[in-house]
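*Asks:* What follows is a structure written as structure tokens; I'll ask about it next.
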């Protein structure tokens, strides 16, 4: 296909969704790989919990191959030009996108584990298992003994193990560029904007 794809890869809670939000603000088309899984879960009348979405992701890959989600994602792309794909999780998906467009760049979004845990606990998505208070912007507002945070940590560990089993490490190692999400939100947004501007040329 005659388009450029910029893929985001990174561990859960690293900031991929925020990076995608910046891309949308810049007028770029954004396709979320997880939407393929969520759509299939709806088709099966399943609630969008972490365990259900993990099961659906596994079953799609077992049935249609390691690049099944990537193929579904490609079918969702409406236009051409520059498209951002959020949520690549395996080397098979990287290779699929490389083979499916004229130009492909893979960007790793990295954040320290403790920061990722705090952000996941605060964002309240149904697939995060243990949403926390909306005002909890990072892990420092939580007590390590907080049962909700412990539950979120256990859920995060399960999710990471599943995604690593899909080949996340290999996908991260294939990244051309790394954005560190280890400062303020504004600093991260500026880093994302600068990289997307450079890659979109």
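Each reported figure results from applying straightforward, stated rules to the coordinates on display, with no laboratory input. Every value quoted in this text rests on a predicted model; they were computed, and no experiment measured them. Cβ atoms come from the backbone with ideal geometry, glycine included; neighbour counts cover every protein chain shown.
*Asks:* Which of 14, 59, 122 has the fewest other C-beta atoms within 10 Å, and how do the rest follow up to the most?
*Replies:* 59, 122, 14
*Asks:* By how many nm would the segment from residue 154 to residue 76 lengthen if fully extended, with 0.36 nm per residue of separation less the alpha-carbon distance?
*Replies:* 24.8 nm
*Asks:* Continuing with this model, one more query. Whole angstrom only: what separates the Cα centroid of segment 28-89 from the Cα centroid of segment 163-180?
*Replies:* 17
*Asks:* Sorted from fewest to most neighbouring beta carbons within 10 Å, what does the list 182, 35 look like?
*Replies:* With the fewest neighbours first, 182, 35 line up as 182, 35.
*Asks:* Here is a further query. Which FRET efficiency value, to the nearest 0.05, is calculated for residue 194 and residue 164 with the Förster distance at 30 angstrom and r the Cβ-Cβ distance?
*Replies:* The value I calculate is 0.55.
*Asks:* In segment 56-82, which residues have a backbone nitrogen under 15 Å from the label point lying 7 Å from residue 26's Cα in the Cα-to-Cβ direction?
*Replies:* In segment 56-82, the label zone of residue 26 (backbone N under 15 Å from the point 7 Å along Cα→Cβ) covers 81-82.
*Asks:* Once you have the alpha carbon radius of gyration of segment 1-130, what is it after dividing by 2.2 N^0.38 Å, with N set to its residue count?
*Replies:* 1.05
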